[in-house]
Amino acid sequence: MLLSQILAGVPLAEKLSGDAEISAVELDSRKTVPGALFIALNGKNSDGRKFIPDALEKGAAAVLYDGDYTPPAADGVLFVRADGDMRQNIARAAANFYKPVPPYISAVTGTNGKTSIADFTRQLMKKLGYSAASIGTVGVVSDMAENAETLTTPDSVTLHRILRDLAVRGVDYVSLEASSIGIEQYRLDGLKIKAAGFTNFTQDHLDYHLTMENYLKAKEELFSRVMETDGTAVLNADIPEFAELAEICRRRGIKVMSYGRNGSDLKILSRVPHAEGQTLETEIEGRPYRLELPLIGEFQAMNVLCAVGMVIAMHGFSGKIIDSLPHLKGAPGRLDLAGRLANGAAVYVDYAHTPDALENVLKTMRHHTAGKLWVVFGCGGDRDKLKRPIMGRIARELADRAVVTDDNPRTEDAAEIRRQILCECPDAAEIGDRVEAINYAVSRLGEGDMLVIAGKGHENGQKIGDRIIPMNDLEEAAKAIARLSR
């Protein structure tokens, strides 16, 4: 594709001095190939313009940059200075270059539940007979492609490349997790999003957004800026932010579907939990349905309704949707059963790493606990520090036994992170080594006890400093159970 075609819609400081056939669009100079357009992003942690010489050595045919910069002498290379927000420019260029993309794209935002909803949407579309994929925290999930780990919302170049590759392999429906940071950084711009969901809004990412107001505004931009005006928003009617979100959508002409106990389109009338999951009495588009879900917790019922709403928005209602619900599987690391001990004690692993998520999981599992409810958890380093004592208080109030351990301390002092949690749960056991903490808790479970290992879910490593130490909560829990069963 010609450089001029890739840069269509990108505001430039001056006219192109020429044109060139471009083989790839790249943000990482290390991945630059001959004939590529290298985009030098001046980011929070590094200045991409420092890597222009490396990109030139690897054969870049053109460089897009912004700000004050004097390009080096490089025969045959086109240097283009952009105006406007560089992240938005990158999204426009990536959208122009990486084509085709799947025709039906949905996105879901909110503090918790994004991974489950994206995966439920994928599963439902697959059960309707379509080729479908999901992209988010657990990676790219599709029968047509290998599962590859990503950020919750990949950078726009990576995202558009993934979508192009999925489309080429025949995928028609894609469900995306849309993080607040990804939305604010324009990573989803350029996509034609047909349906967008909103789960809930509770404290997280204040290390980045600084205030809850900024955090909410970032999420709202999925509806106020990113999605198509002829699309459908599927909104949680049970949260205080519902009216504000619905008004944003109505001002743009976006159709609103609401779900929850207060929902008008997908309404929960009653819920009965049982050993294998739960039974819901619902109204969907005014018609009564009894739904059998093989999933634990009211929050999972809400996640399923959001996914059903997005499928209806893209596909229309079908009885096959209802028939498919008893066969849904939970997303990896979301209330995953690691196993049971001989005395009936059960061990679950969950990704809950925010106050709201931890509270929901512990309240849910209390209903399934005959004995004592245990929790092993920690808080991430270089992230929102305000939530640490809050999560400590939640563990103290809702669990019978708590073990505070490390959860990706990154560059912070792990002991200090634990201290900030323990100030609100001083009776908890403190065991920094996460594997040791899991073994400690599993070995002390009594008859009918329940253990929730919270925070890391599907993750396969512990981030300490600049290293990633291999470990997986589910695997470590299963090993501990197996040792006790010998």
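The values are calculated or read from the model by the stated rules, or taken from the named source; none is laboratory data. Quick caveat, the model's predicted, so the values are computed rather than measured. Cβ atoms come from the backbone with ideal geometry, glycine included; neighbour counts cover every protein chain shown. Note: areas computed on protein heavy atoms with side chains; ligands, DNA, RNA excluded. Shrake-Rupley method; radii C 1.70, N 1.55, O 1.52, S 1.80 Å.
Relative to the longest principal axis of the Cα atoms of the chain, helix 242-252 runs at roughly 30 degrees.
In terms of distances greater than 30 angstrom between alpha carbons, the cross-link table entries Lys58/Lys192; Lys320/Lys363; Lys127/Lys255; Lys127/Lys385; Lys329/Lys479; Lys219/Lys387 yield Lys58/Lys192; Lys320/Lys363; Lys127/Lys385. Modelled label positions at Ile464 and Arg225, each set 7 Å beyond Cα in the direction of Cβ, lie 4.0 nm from each other.
Averaged over its residues, the chain has an accessible area of 41 Å² per residue, based on protein heavy atoms and a 1.4 Å probe. The local environment of Leu245, defined by Cβ-Cβ distances under 15 Å, has a net charge of -1 under the rule Lys, Arg +1 and Asp, Glu -1. Averaging the Cα positions of each part gives two centres, and for the range 165-187 and the range 205-263 these lie 18 Å apart. Under a 5 Å amide H cut-off, with hydrogens placed 1.01 Å from N, Gly190 pairs with nothing among residues at least 5 apart or on other chains. When the square roots of the Cα gyration tensor eigenvalues are ordered a ≥ b ≥ c, the ratio a/c for the range 392-486 is 1.5 or more and a/b does not exceed b/c, which makes its shape oblate. For the range 88-180, the Kirkwood estimate of hydrodynamic radius, built from reciprocal distances between every pair of different alpha carbons, is 13.0 Å. Rounded to whole numbers, the Karplus 3J(HN,Hα) couplings from phi for the range 320-327 are 5, 4, 4, 5, 7, 4, x, 9 Hz, using 6.51 cos²θ - 1.76 cosθ + 1.60 with θ = phi - 60°, and x at Gly and Pro. Once the C-beta distance of Asp68 and Glu281 is scaled by a Förster radius of 60 Å, the resulting FRET efficiency is 0.40 to the nearest 0.05.
Between Asn343 and Arg81, the C-beta separation translates, for a Förster distance of 56 Å, into a calculated FRET efficiency of about 0.25. Surface calculation, 1.4 Å probe, protein heavy atoms: Glu447 sits at approximately 150 Å² accessible. Indicate the gyration tensor shape class of the range 320-373 (rounded, prolate or oblate), computed on the Cα atoms with a ≥ b ≥ c the square roots of the eigenvalues: a/c under 1.5 is rounded; otherwise a/b larger than b/c is prolate and the rest oblate. Since a/c reaches 1.5 but b/c is at least a/b, the shape of the range 320-373 is classed as oblate. Heavy-atom surface analysis with a 1.4 Å probe gives the chain a carbon and sulfur content of 48 percent of its accessible area.
With all protein chains present and a 1.4 Å probe, how do Met1, Met471 order by accessible area, largest first?
Order by accessible area, largest first: Met1, Met471.
Axis angle, to the nearest 10 degrees, between helix 355-366 and the longest C-alpha principal axis of the chain: 30 degrees. Here the gap between Lys99 and Asp400, fully extended at 0.36 nm per residue and compared with their Cα-Cα distance, gives a gain of 103.0 nm. Cα centroid separation, the range 1-77 to the range 295-365: 44 Å. Straight-distance candidates among the aspartates and glutamates for linking to Lys99, with alpha-carbon spacing under 17 Å and chain neighbours fewer than 8 residues away dropped: Glu21, Glu26, Asp155, Asp165, Asp172, Asp189.
Is the C-alpha gyration tensor of the range 69-128 telling us rounded, prolate or oblate? Criteria: a/c under 1.5 is rounded; beyond that, a/b larger than b/c is prolate, otherwise oblate. Verdict is prolate for the range 69-128. The per residue volume of the convex hull around the alpha-carbon atoms of the chain is 149 Å³.
Calculated from DSSP H runs of 4 or more alone, at -39500 (n - 2.57) each and per residue, what is the 222 nm mean residue ellipticity of the chain, nearest 500?
-9500 deg cm²/dmol
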